[in-house]
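Working notes, beginning with the structure itself.
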Amino acid sequence: MRALEALYRTHVERVYGLCRRMVADEARAEELTQDTWVRVWESLESFRFDSAFGTWLYRVATNVVLQSERGRRRRRRRREDLDRSAAPPAPRAAERGAVDRIALERAIADLPPRARAVLVLHDLEGHTHAEVARILKMAEGTSRAHLFFARERLRRTVVP
Amino acid sequence: MNGPHPTWERLYAYRDAELDDPERRRIEAHIRRCTTCRGRLAEARALTRRLEALERPGRPGRDLWPGIEGRVGAPGPRLVTDEGPARESPAGREKAGGRSSGAGRRWLAAAAAILFLAGGGLLATRGGGLPGSRGGDDALATRGVSTGLATAAAVERAYRPRLARLQRRVEERSEEIGFDLAASAERDLKAIRSATEEVRSALEASAGSPELLAELEERYRRELWLLRRLAAVGST
């Protein structure tokens, strides 16, 4: 247990950062961070040192987030259909920066899961396409295609 | 003629500096003459600027460890953290002794190896691939005698290959070493390497200083001594 705690304390910021960027909700990011470390505990013996530990850890965290997304997207779409009937008031100028940031984070959270994962890992976490491909176990070309799709979706949604 | 408009995909690749030179020059020539594509490139840049402006999330707002510990079981006391000594859980006091199964030992070995790999990265990032060591320096090192090496580069050449070999041997023997000893040694190695970096920085300002060179050698000798002791754990 102390071994797991030592690893947790060393890497928690990295894992939480990834989860927080994948979901636009702090409480959920904390839950997913905990889920990730439970998964690490359950599967560390299967880590074969055939990749960097950081790569493997990112893979575990991404899989935890992607798996938790199944089903949530359908439930969220149904809620948004109900909410759309009430239009929000226009933000004041001072609030616009925060509103823009929130809008961008929501748009990222609304991306299809794998495209979102690629965008977060490449554009927000700074990984190369080769690294993203290793983490997500996909071809580099697939990573590029997902990134293009994600950027285009965001550009049409949030760039004025 | 401007030629065909580059696709959005090629504009993003241009923005990411991923194009080869001929294609990059073609797109630049086109953009100079095409207001539509200049506008598109500006949109692509605006998006990436907004993404880059998103703040890094940082650490979670609270310590998540208690929740994790509760889900995986809680044998043994917790580590002291930066926030202060951790409370020992009642379950931890009852379950003293930890895991003793073969699977538990393998898990601890895996965790110990990861800690060593994280520490050994310091050696790798300081520019590996140095020429091989000179013969006979091991005896001098253990006697604590300065070899009289005249430059920091010479000290590095004398010690770093041996340190790298010992680091690998320690990683291979991580199961025999065990997690507790590995964690303790990792803390000592961090302190030694931090002191080494300070001396190296000082040598950049005072190249060739005999006192600093002797100090650098002493740091490397301590690291060698510690790694040798770890590598010898459990061997006959």
Of residues in region A:1-43 being open to solvent by less than 10 Å² (accessible area, probe 1.4 Å) and without any contact (Cβ under 8 Å) to a residue 12 or more places away in the chain, the one farthest from the other protein chains (Cβ to nearest Cβ)
A:GLU5
Any idea how many residues of region B:169-215 are touching a Phe, Trp or Tyr at 6+ places or on another chain (Cβ under 8 Å) and either more than 14 Å from every other protein chain (Cβ to nearest Cβ) or among the basic types (Lys, Arg) (or both)?
2
Residues of region B:1-34 that turn out to be within 14 Å of chain A (Cβ to nearest Cβ) and surrounded by 11 or more Cβ atoms within 10 Å (Cβ to Cβ), as a count
13
Sole miss for B:ARG56 among (1) over 25 Å from A:GLY126 (Cα atoms); (2) at pLDDT below 85; (3) open to solvent by 90 Å² or more (accessible area, probe 1.4 Å) is condition (1)
Do the conditions hold for B:ALA46, that is, is it open to solvent by 60 Å² or more (accessible area, probe 1.4 Å), aliphatic (A, V, I, L, M) and at pLDDT 80 or above?
no
So, of the residues in region B:62-72 that are more than 7 Å from chain A (Cβ to nearest Cβ) and assigned to a loop (DSSP other than H, G, I, E, B), which turns out to be most open to solvent (accessible area, probe 1.4 Å)?
B:ARG62
Consider B:LEU166 carefully, then state whether it is of a type outside the set (Lys, Arg), within 19 Å of the chain's Cα centre (by Cα) and either under 28 Å from A:ALA6 (Cβ atoms) or surrounded by 15 or more Cβ atoms within 10 Å (Cβ to Cβ) (or both).
yes
Given the criterion in contact with a Lys or Arg (Cβ under 6 Å, 6 or more places away or on another chain) and modelled with pLDDT of 90 or more, identify the matching residue among B:ILE68, B:ILE31.
B:ILE31
Is there any pair linking a residue in region B:35-55 that is at the interface with chain A (Cβ under 8 Å from one of its Cβ atoms) to one that is surrounded by fewer than 18 Cβ atoms within 10 Å (Cβ to Cβ) and in a loop (DSSP other than H, G, I, E, B), with Cβ under 9 Å and at least six apart or on different chains, and which?
B:GLU43/A:VAL159; B:ALA44/A:VAL159; B:ALA46/A:VAL159; B:ALA46/A:PRO160; B:LEU47/A:VAL159; B:THR48/B:ASP16; B:ARG50/A:VAL159
Positions within region B:34-45 being among the hydrophobic types (A, V, I, L, M, F, W, C) and touching a Lys or Arg at 6+ places or on another chain (Cβ under 8 Å), in sequence order
B:LEU41, B:ALA44
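The values are calculated or read from the model by the stated rules, or taken from the named source; none is laboratory data. Predicted, not measured: the structure shown is a model, and the values here were computed from it. Don't worry about glycine lacking a Cβ; one is built from the backbone with ideal geometry, like all the others, and counts go over all protein chains shown. Accessible surface areas use protein heavy atoms only, side chains included; no ligands, DNA or RNA. Shrake-Rupley method; radii C 1.70, N 1.55, O 1.52, S 1.80 Å.
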